[in-house]
1. If I go through segment 3-19 residue by residue, how many of them are away from ligand 3 (no atom under 15 Å from the Cβ) and either among the acidic types (D, E) or outside any loop (DSSP other than H, G, I, E, B) (or both)?
2. Residues that are more than 27 Å from the chain's Cα centre (by Cα) and among the hydroxyl-bearing types (S, T, Y), at least 1 per element: which strands (runs of 3 or more DSSP E) completely within segment 369-478 meet that?
3. Condition check: within 14 Å of ligand 2 (Cβ to nearest atom) and open to solvent by less than 60 Å² (accessible area, probe 1.4 Å). Does L77 satisfy that?
4. Picking from P190, P99, which residue would you name as being under 19 Å from the mean Cα position of the chain (by Cα) and at pLDDT below 95?
5. Within segment 152-165, is even one residue assigned by TED's automatic domain parsing to the domain that holds A465, in contact with a strand residue (DSSP E or B) (Cβ under 8 Å, 6 or more places away or on another chain) and either modelled with pLDDT under 95 or in a strand (DSSP E or B) (or both)?
6. Hey, can you tell me all the residues within segment 321-350 that are within 21 Å of E383 (Cα to Cα), open to solvent by 10 Å² or more (accessible area, probe 1.4 Å) and either aliphatic (A, V, I, L, M) or in contact (Cβ under 8 Å) with a residue 40 or more places away in the chain (or both)?
7. If the requirement is being surrounded by fewer than 20 Cβ atoms within 10 Å (Cβ to Cβ) and of a type outside the set (K, R), which of these qualifies: A260, A283?
8. Restricting attention to segment 362-381, and to residues there that are of a type in the set (A, V, I, L, M, F, W, C) and surrounded by fewer than 16 Cβ atoms within 10 Å (Cβ to Cβ), which single residue is modelled with the lowest pLDDT?
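The values are calculated or read from the model by the stated rules, or taken from the named source; none is laboratory data. As the structure is a prediction and not an experimental result, all values here were calculated from the model. So basically every Cβ, Gly included, is an ideal-geometry build from the backbone, and we count neighbours across all protein chains shown. Please note that ligands, DNA and RNA were not included when accessible areas were found on the heavy atoms of the full protein model with its side chains. Shrake-Rupley method; radii C 1.70, N 1.55, O 1.52, S 1.80 Å.
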Amino acid sequence: MPDRMLQFVRLEQQPPAKRAAGERRVDFDEIYAEFDATAAAAQASRCSQCGVPFCQVHCPLSNNIPDWLKLTAEGRLEEAYEASSATNNFPEICGRICPQDRLCEGNCVIEKGFESVTIGAVERYITDTAFERGWVKPVRPRHERGQSVGIIGAGPGGLAAAEQLRRRGYQVAVYDRYDRVGGLMIYGIPGFKLEKDIVLRRWKLLEEGGVRFHLNTAIGVDLSFADLRARHDAVLIATGVYKPRDIGGPGAGLAGIVPAMDYLTAANRHGLGDDVPDFTSGALDARGKRVVVVGGGDTAMDCVRTAVRQGAASVQCLYRRDRANMPGSLREVKNAEEEGVEFVWLAAPEAFLGDDRVTAVRAARMHLGLPDASGRQAVERLEDKGFTVPADLVIKALGFDPEDLPEAFGENALKVSRWGTLSVDRTSFMTSLPGVFAAGDIVRGASLVVWAIRDGRDAAQQMDAFLQQTAAVPAAAE
Ligand code: FAD
Ligand code: SF4
Ligand code: SF4
């Protein structure tokens, strides 16, 4: 091992610079700067090259993290890029938006006595540099295959599968109801976490590699699922989960109470230069408003931080558990607090006040009781401890469920779990329909980009095996 590794005893963790809160509150640009070559090499050299790298064990893609850290420390960046892209279709995206504190970095062994290696920032640096230097090339299959694959959904799961299958020479068509590629990476996750150009350049690259996109095409509406199956030798469903969990109670139907995805999609579309009537009319614009966001996950964090940037008069986040028990990344909570968001912990809305528009939220105080069967502390309402917060815009960010796909696709034989997610064979990724596979959130429930990529890659491998088998069967014997 070269001397230049194991530097954690000498060198402190130095993540890339974060823009000051006052500066970043007014735009949608990413908040973290890029490493320069010296900083990336120095930070990578802190890695102790563990024999059993727990960072890798806890990365959903089993990335060869110690290898590409060492190559970066040695300045061998093109090789670092080869190693990093061998296991991850979108390393620059994961480097930006994975909750590293819960995955690779949270399990870095030097995290115990020293601060962890800044794995995500180095991963991002490697691939951003590779793009700058022209090392990232479109897929070029060694030979073309006649069989075709239809993929429903251009989110990270569908795109990772598309790239893997195209690499193997299949004719790949991706269908999406949206007008742009990227799924939640384009219309859900805001630019201050993931700038849109980063997603759009992947779209271009996939097209250059021969993946065909059929946009503005909702399967089950513009094209039937049966027709889609008839067009292709195998199909992958990667449609994500979008049905918002709702809040009931008095006044829940008042104007000014909106679902998180409507709000975030409008903000993202506006940022991309689209004409968004609900944004222009003010219905989905937080400017000048007292905003209350209900929820404690990543979506809620993205809503509060978007509202700050739109110039809201105030932004409060109501969450029924406490800080230690919120599902969102603590890094994002900290960022939100720095930007001026007020968190109201242990608070759950009970009623919405106002005549025709919401003017306030009546909330109950909660406390955490004994752990339930899952080990999570139950949330209990404290009697007579209600309070009211004024609000002109309430954003509901309580999570998502899958829509009824068998109904939407007119295919009752498509089996779903009791949560409505698609049931797949855990080894083959095949659904209850022969030749139809599924990956990403529609199988797992709302999850992470890195897991969708993993599933997309695994499903592609299984689809390849299936297609090779089908191709091997002589037509007469079918
Ligand atoms: P999606 O990304 O949801 O893509 C599904 C695609 O299918 C969409 O483009 C949709 O238009 C299309 N589609 C659906 N139905 C049809 C149909 N009938 N016909 C045609 N097309 C259809 N994860 C992280 O790792 N880090 C984060 O910071 C993070 N932040 C998030 C913030 C928000 C606001 C949200 C909502 C999620 C966030 N996530 C984050 C989660 C992450 O975005 C998802 O887990 C991931 O995008 C799932 O990928 P997917 O490919 O399964 O589905
Ligand atoms: Fe860490 Fe995510 Fe990169 Fe894996 S993909 S190394 S979990 S940032
Ligand atoms: Fe390096 Fe940390 Fe991974 Fe060990 S756990 S190989 S120190 S990044």
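1. Here the count works out to 2.
2. 387-390
3. It is false that L77 is within 14 Å of ligand 2 (Cβ to nearest atom) and open to solvent by less than 60 Å² (accessible area, probe 1.4 Å).
4. Answer to the check: P99.
5. For segment 152-165, residues assigned by TED's automatic domain parsing to the domain that holds A465, in contact with a strand residue (DSSP E or B) (Cβ under 8 Å, 6 or more places away or on another chain) and either modelled with pLDDT under 95 or in a strand (DSSP E or B) (or both): present.
6. If the condition is that a residue be within 21 Å of E383 (Cα to Cα), open to solvent by 10 Å² or more (accessible area, probe 1.4 Å) and either aliphatic (A, V, I, L, M) or in contact (Cβ under 8 Å) with a residue 40 or more places away in the chain (or both), then R321, D322, V344, L346, A348, P349, E350 are the ones that fit.
7. After ruling out the rest, the residue left standing is A283.
8. A373
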